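The next block holds one structure in the form of structure tokens; read it before the comments.
The values are calculated or read from the model by the stated rules, or taken from the named source; none is laboratory data. None of the values given here were measured: they were computed from a predicted structure. Note: ideal-geometry Cβ built from the backbone for every residue, glycine included; neighbour counts use all protein chains shown.
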Amino acid sequence: MSNVPNANPGAGAQPSADAFLQFLVNLVNNGSQIESIGVTLQMGGMLVSGSIVSGAEYFDSFAASFTGSLNTVDDATRATVHASLAELGDVFRVPQPADPLPNYIHLSDALFFTADGTPIAGQPTLWRGRTSAVDGFILGRLQAEAAA
């Protein structure tokens, strides 16, 4: 018997998301000693490779990056926007329940590749996606230099 819910659904049943992937996301979201996990996700004919990070880290990093690009607003407005965006991560600052499993996965340093592993131009970035949109995954990250 599995400790991962829906790890082996009945014949004919199609899970909405991979419960094992959701379990890994939950491990990172819970702020345990695992701060990130390198993965490569197969999604709709492309590959997304990066490190799973907690929702809190994702929103903190997103807030810093986004407000850092707001060159035309004053410091007070920038601080307000930063606080509002970072606040979205507050739900991840408390222990996450085992049920329900997470619906979203957050990656840092995400890179994008075609299905055959050819890198798609771009710099590593933050990425957020639905766990239900992931077709499959492997542990470990693809490197743009190695795939080229």
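Brief remarks follow.
- For segment 114-147, taking the residues that are small (Gly, Ala, Ser) and part of a helix (DSSP H, G or I), the one that is farthest from residue 46 (Cα to Cα) is identified as 146.
- Subset of segment 16-35 that is more than 12 Å from residue 105 (Cβ to Cβ) and touching a residue at least 40 places away in the same chain (Cβ under 8 Å) - its residue that is surrounded by the fewest Cβ atoms within 10 Å (Cβ to Cβ): 16
- Filter result for residue 75 (of a type outside the set (Phe, Trp, Tyr), loosely packed, with under 12 Cβ neighbours inside 10 Å and more than 18 Å from residue 32 (Cβ to Cβ)): yes
- Restricting the first member to segment 72-100 and to residues that are farther than 15 Å from residue 30 by Cβ and outside any loop (DSSP other than H, G, I, E, B), and the second to residues that are modelled with pLDDT of 90 or more and small (Gly, Ala, Ser), the beta-carbon pairs closer than 6 Å and six or more apart or on different chains are 82/63; 85/63; 86/63.
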